[in-house]
Every structure is written in C-alpha cells, then in structure tokens.
Amino acid sequence: MTYFHKLKHILHPIASRYFSRASLVEGTLRGSEESFRCLFVDNSMFTESLKARMYAEPPSVLKKWRIWTPALRKLVLNKADSIDMCVAVLPMKYESTFKGLYDFKSSESVHQIIDTTGSWEEVRNRFCKTKRQIAKNLPSKYGLWYRISHELKDFDFFYHRMHVPHILKQFGDLSDIDSYDDMKEFFLKGLLLLVTCEDKDVAGALCRIEDSTLIFRRTGVLDGDKAHTKIAAQTALYFFQLMYANEQNLRAVDTMQSLPFLDDGVYRHKREWGATVLPDEESRNWVFFFNTGPSEKTVLFFEKNPAIVYSDEGLKGVIGTSNGSDLSDSSLSNLTHQYQSRGIHGFTILTPQGDALVRTEIAG
C-alpha cells in the first residue's frame with residue numbers, strides 16, 4: 001500500500017464524521033407517473049437500496065458533491081422549494097443538530113424476533129393464517145424435512161453452492177456477501193440447519209444458539225435456483241428453525257435485521273411467521289426524512305414506501321394515502337390492519353390535506 005493510500009485509509013473515518021456524500025437525483029416514483037426529486041446525504045449503502053425500491057428506473061443524477069454535515073440544516077431550508085424530499089443517513093450524534101427540522105427518523109434496519117415458547121400449537125397460532133396452512137402441509141405436500149449438521153464439508157457446500165449464488169441472484173450488483181472466513185468462524189460456534197428433499201440438501205440456514213435463542217444468521221438456496229423456492233424450500237427454513245427451537249425449549253428465533261419498510265418482502269415474510277419488530281440496537285446511524293416538497297408528493301412517497309419510524313412511544317408506521325378526505329373509521333382500520341405487527345405502537349396516516357391521523361393502540 002502506498003503512502004497516499006495509507007493516509008487516505010487513516011483519514012477517511014475521520015472525514016466521514018464531518019463530511020457526507022450528497023447527491024441530487026430525479027426520477028419517476030415506482031408505481032406512479034410522478035416525478036420525484038430527492039436529495040440524498042449519506043456515507044452508507046442504505047440509500048442505494050432505497051433508490052432501487054422507490055424509483056421505477058435508475059434516477060438521473062443532477063448533482064454530486066461533498067457537504068460539511070452540519071451545513072445540511074441550512075441547505076434543506078434553502079432548497080425547500082426545489083426538492084421534494086431529503087433523506088439523510090447520519091451518525092446518531094447529529095440528532096440534536098436537526099431536531100425540529102426533520103419530519104421522521106428511522107434506522108437503516110429493524111430487528112425481528114419470533115417467540116418459540118409454549119407448546120408447538122401455541123407457536124403455530126402466532127403465525128398468520130396463510131403460514132399456519134403452509135405449516136400444516138409443508139412436509140407432506142413437498143416432501144421436505146431437515147437435518148442439523150456440524151460438519152465442515154457441509155458448511156463449504158452451503159457457502160459456495162447455496163449462500164453465495166442465492167445472494168447474487170437476489171441482489172445482483174447490490175450484493176454484500178460475507179467472507180468465507182467470517183462465516184466459517186460463526187459456523188464453528190454454531191450449526192447448519194439444512195432442508196432436504198428426497199435426501200438432497202436444497203436450502204440451508206447458518207445458525208447459532210445464544211442465551212436460549214436460535215440466531216438465524218444467513219440463508220441460502222441450492223445454486224440460487226428458483227425451482228427450489230417454488231417447492232417452498234426457503235419457506236421451510238423458517239418453519240423448521242421454529243420447530244427445532246421449540247423442540248430444544250429455546251425462547252426465540254432471532255431473524256436479525258430487515259429494511260425498515262412495512263411492505264418490504266423480507267420484513268413481511270418474518271412478520272407472517274409471528275415476528276415482533278424491535279429497534280436495531282446495533283445501529284449507529286439515524287435515517288432522517290425531511291419532507292420539503294408539496295404534501296401530495298410526501299403522501300405519494302409514503303404511500304409507495306410505508307416506513308417504520310421512531311417515536312417517543314416506540315416504533316410506529318407511517319403510511320400515505322391519497323384518499324385522505326374519504327377516510328372513515330372503517331377504511332382507516334382496513335388501511336392499518338394490513339401493516340399491524342407486534343412491536344408497532346400505532347400509525348401516522350399522511351393525507352394530501354396535510355393532516356395526520358394517529359392510531360395509538362398497540363398492534364398485536
């Protein structure tokens with residue numbers, strides 16, 4: 001490594017405390033015909049995944065630069081008429097700097113844990129109706145079962161033939177793959193739960209038991225092949241882990257992190273198995289949402305990207321609806337019902353009229 005690169009390596013963490021990347025982008029919001037201009041300020045990968053989910057096509061980059069982070073306050077106030085929203089992912093120490101300016105704060109991920117205490121029937125009753133039906137028919141319908149392995153050769157097969165291909169197929173250029181050595185170290189202290197079909201391993205979960213909890217660290221499907229997903233191999237990973245944890249008298253399965261969006265597929269999948277959503281205690285950053293544009297644009301963003309945010313009462317959902325003027329008690333109940341989850345302490349409903357209706361009762 002050259003002297004220049006060594007110096008850059010040393011200075012980068014220091015500079016990141018005070019300077020952030022800024023990019024102004026514009027594109028069409030997914031599921032609509034509306035153009036949406038957003039200022040992203042961050043030193044993380046979170047905004048890349050957010051852009052992928054919020055825009056129908058990769059947005060046009062209007063400007064990119066480095067910004068002194070405390071100067072963002074003035075920038076947001078000055079740009080209020082020219083951008084629809086600012087999303088800033090910043091160290092938590094900046095919360096007081098932007099207090100009163102941001103509309104919502106979230107984190108880059110939320111934590112989800114599934115209770116496995118009680119009888120197996122009690123565990124099953126915490127599943128949603130669809131998952132209860134799957135749990136009833138899974139072994140007989142698809143011929144799936146599971147086995148537990150501590151063999152290194154099975155870990156090698158899992159890493160190279162299941163985990164890596166699965167992540168690449170699922171996330172493509174946004175893939176963030178743990179190194180072989182890091183995952184091997186985790187495995188040597190843990191175990192593999194392998195889903196089998198006709199004596200062939202078709203999916204796997206890398207796990208470890210800590211404090212009476214089965215930690216679900218990483219997953220994989222054989223060769224990333226969708227054919228195995230169609231026979232419910234990936235669904236079986238959750239089912240059999242819950243069964244195994246219950247059989248071992250463990251108190252929970254820790255499914256780790258998910259993106260903080262109520263309609264995110266991974267988040268929803270865990271929720272349907274009865275997961276409770278919790279703050280991510282390992283998070284070091286806040287995700288600040290500054291709603292600077294017309295209320296109609298803000299409503300549309302949260303209609304397409306219903307989010308999980310932090311409040312004084314705990315986690316809550318933020319949902320946009322273009323039918324605000326027609327919201328009755330029953331339609332409000334129907335709107336929030338689809339997103340209710342253990343751990344969500346109410347909802348804020350955003351409408352084009354600019355008001356917010358808050359549902360305060362604890363869901364689940």
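Figures for the structure shown
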quantity: Any hit, region 284-294, residues being in a strand (DSSP E or B), free of Cβ contacts under 8 Å to residues at least 60 places away in the same chain and outside the structural domain of residue 255 (by TED's automatic domain parsing); calculated: no
quantity: Matching option when the condition is assigned to a helix (DSSP H, G or I), outside the structural domain of residue 138 (by TED's automatic domain parsing) and over 22 Å from residue 117 (Cα atoms), among 315, 300; calculated: 300
quantity: Residue within region 157-170 that is surrounded by fewer than 14 Cβ atoms within 10 Å (Cβ to Cβ), within 24 Å of the chain's Cα centre (by Cα), farther than 27 Å from residue 132 by Cβ and at pLDDT 90 or above present; calculated: no
quantity: Residues of region 310-323 classified as buried (at least 18 other Cβ atoms within 10 Å of the Cβ) and under 26 Å from residue 26 (Cα atoms), total; calculated: 5
quantity: Within region 111-154, tally of residues that are in a loop (DSSP other than H, G, I, E, B), surrounded by fewer than 18 Cβ atoms within 10 Å (Cβ to Cβ) and either at pLDDT 95 or above or in contact with a Gly (Cβ under 6 Å, 6 or more places away or on another chain) (or both); calculated: 5
quantity: Those residues of region 256-277 which are over 23 Å from residue 44 (Cα atoms) and either among the acidic types (Asp, Glu) or without any contact (Cβ under 8 Å) to a residue 60 or more places away in the chain (or both), in sequence order; calculated: 268, 269, 272
quantity: Residue list for region 227-277, filter: more than 10 Å from the chain's Cα centre (by Cα), under 21 Å from residue 342 (Cα atoms) and assigned to a loop (DSSP other than H, G, I, E, B); calculated: 250, 251, 273, 274, 275
quantity: Residue check for residue 52: surrounded by fewer than 17 Cβ atoms within 10 Å (Cβ to Cβ), of a type outside the set (Phe, Trp, Tyr) and under 20 Å from the mean Cα position of the chain (by Cα); calculated: yes
quantity: Candidates 156, 182, 176, filtered to the one that is out of contact with any helix residue (DSSP H, G or I) (no Cβ under 7 Å at 6 or more places or on another chain) and touching a residue at least 24 places away in the same chain (Cβ under 8 Å); calculated: 176
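The values are calculated or read from the model by the stated rules, or taken from the named source; none is laboratory data. All values reported here derive from a predicted model rather than from experimental measurement. Every residue, glycine among them, receives a Cβ derived from its backbone with ideal geometry; neighbour counts consider all protein chains shown.
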